[in-house]
Structures are given as structure tokens and as C-alpha cells.
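Pasting a structure here, questions to come.
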Amino acid sequence: MQNETFLIRDYPQSERPRERFILNGPQSLSNHELLALVLGTGTKNEPVLQLANRLLSQFEGLRLLKDATLEELTSIKGIGKAKAIHILAAVEIGRRIANHTIDERYVVRSPEDGAKYLMNDMRFLPQEHFVCLYLNTKNQVIHRQTIFIGSLNASIVHPREVFKEAVRRSAASVICAHNHPSGDPSPSREDIEVTKRLAECGKIVGIEILDHLIIGENKYVSLKEKGYV
């Protein structure tokens, strides 16, 4: 088969991802098998499952693949523009589905609610992002704003920027959050200092800081629960 394109149908039926998908559901497939279904075909010299496996290895799994660009994908042998577009379209659909229930009227009743709202977007960010959720009197999210990108520092995350948007949006309260790219959400001294400063300013201007969430790898820390708000 050196001069033919390898198709998924070239595999024994028991090894075909599509048939196993139908019989056992998508959860029965590995990441590279799902990616093979997206790719559809391999190349003249490489079966589609092998191509999918190599692609994942090159991006160290789905974590980095989700942020791949068209240029990065097409630079890989065996991935033309059409295959790259299929991959990027599948990633974008997944991203939109993950965020589908997160709309501007999302209600935050607990630290867990706030973390769920932000987790998918923030847990993989390569830099620290300081984000504010602005809530109305019913604790519904009316606006989300990235205030700062970079290492958290009390002198950089200025209360003026946080509360300026709160006043502009007529927000009743604010939830602050930032991510730790390391995946460990344990609060640092700077995290605690920033939290206390913002909470004190909130009391002065009459707009409560409900919480400061630190987002890690599928886990979070609430500084309200820790007693710093």
C-alpha cells in the first residue's frame, strides 16, 4: 500500500475507530483515535492512526493542540490546509460547547459556581490573567473583564481599574480571579495582599468584593473561604 492513501476502512473492522464509536460510544476511543476520525485519511506512507498519534505527540497531547495555529499545523508533514482546518474547526466546536451554558446571566451562588464559570477558559493560560466578574443584585454575571496579564503584584493590580468598570456597569459586587499557570492554586503572599487591598477599597466605595478565586489545573482556591475577604 505504499502508493495509496491509507483510509480508516483499511484497518480490520475491530480496530476501526468509527465502528467502535458506533458500538461503544465516543468515550471508548483514545485521543488519537478521535483525532483520526477528524483527519479522515492518512498519507501515502503513513496510516491515519499513526499520523494522528504523531500529531498529538508533537503537541504533547490535547492541551497544546487546542491552541495550535493554522501555520503550526500545516508545517507538520502530512497535515495540509484542509486537515488543519478540520482540526481547528473541531477544537472551536468543543470550545463553544464547553462555554455554551456560560452566558451573561450566569448566577454565582458559591465559590464553586464562580470557578466553574472560569475554569475552562483560564486553567490552560500560559500567563497569569487577573479577571473580574461584575454581578448585579441577583448575583448574575453582567460583565467579565480581564484587568491585567502578568505576574500578580499589589502595585500593578490597582483598585481603580477594578472599580472603574464596576461603576460603569452599575455592578453591585465583584468576584476577582486569576490563574496559576503551574496548576497549583495555592495562594501566594501577593495574592493575599491584593485580596485584602481590594476588599478594603470595596467597603469604601460600597461595591463588595465577594471573592478572589485562584484557578489551577481543574482545581481552585477561594480566598473568601480562607478568610481573606
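Read-outs: derived from the displayed coordinates by stated rules, not from any lab. Note that this is a predicted model, so its numbers are computed, not measured. Note that we place each Cβ from the backbone using ideal geometry, even for glycine, and neighbour counts take in every protein chain shown.
Would you mind telling me which residue in THR195, THR41, THR137 has the biggest mean-square fluctuation in a Gaussian network model of the chain, where springs connect alpha carbons within a distance under 10 angstrom?
THR137
On the first, second and third principal axes, largest extent first, how far apart are the outermost C-alpha atoms of the range 97-229 in Å?
The Cα atoms of the range 97-229 stretch 35, 34, 25 Å along the principal axes, largest first.
Taking 8 Å as the Cα distance limit and 6 or more residues as the minimum spacing, I'd like the relative contact order of the chain as a percentage.
14 percent
Please report, in debye to the nearest 20, how large the charge dipole of the range 8-98 is about its Cα centre when each Lys and Arg carries +1 at its beta carbon and each Asp and Glu carries -1 there.
Roughly 160 debye for the range 8-98.
If you average the sequence gap of Cα pairs under 8 Å that are 6 or more apart and divide by the length of the range 56-121, what percent do you get for the contact order?
Result for the range 56-121 is 19 percent.
Moving to a separate point now. Determine which lysines satisfy two conditions relative to LYS138: a Cα distance under 27 Å, and not lying fewer than 8 residues away in the same chain.
LYS116, LYS164, LYS196, LYS203, LYS219, LYS224, LYS226
Tell me which GluC sites (Glu not before Pro) from the range 36-82 have a DSSP coil assignment and no more than 13 other beta carbons within 10 Å of their own.
Taking the range 36-82 and a limit of 13 other Cβ atoms within 10 Å, the loop GluC sites (Glu not before Pro) found are GLU60.
Sticking with this structure for a sec: For the chain, what is the calculated [θ] at 222 nm in deg cm²/dmol (nearest 500), taking -39500 (n - 2.57) for each run of four or more DSSP H residues and dividing by its residue count?
Helix contribution divided over all residues of the chain: -12000 deg cm²/dmol.
Among the GluC sites (Glu not before Pro) in the range 83-143, which ones are in a DSSP loop with at most 16 other Cβ atoms within 10 Å of the Cβ? Mind listing them?
GLU104
A further question follows. Take ASN120 and LYS164, extend 7 Å from each Cα along the Cα→Cβ direction, and tell me the distance between the two endpoints in nm.
Here the answer is 3.1 nm between the modelled labels.
Treating only the Cβ of Lys, Arg, Asp and Glu as charged (+1, +1, -1, -1), what charge dipole size does the range 159-210 show about its Cα centre? Round to the nearest 20 debye.
Around 280 debye, computed over the range 159-210.
About the Cα centre, and with charges only on the beta carbon of Lys, Arg (+1) and Asp, Glu (-1), how big is the dipole of the range 111-222? Nearest 20 debye, please.
Magnitude of the dipole: close to 380 debye.
How much of the DSSP bridge set in the chain is antiparallel, in percent, rounded to the nearest 5?
Within the chain, antiparallel bridges account for around 70 percent of the total.
Please work out the C-alpha center-to-center distance from the range 34-49 to the range 151-229 and express it in whole Å.
46 Å
Which one is right for this structure if P(r) over Cα pairs in 10 Å bins from 0, in percent is calculated from it: (1) 9, 33, 31, 16, 9, 2, 0; (2) 9, 35, 35, 18, 4, 0; (3) 7, 27, 25, 17, 15, 7, 2, 0?
(3)
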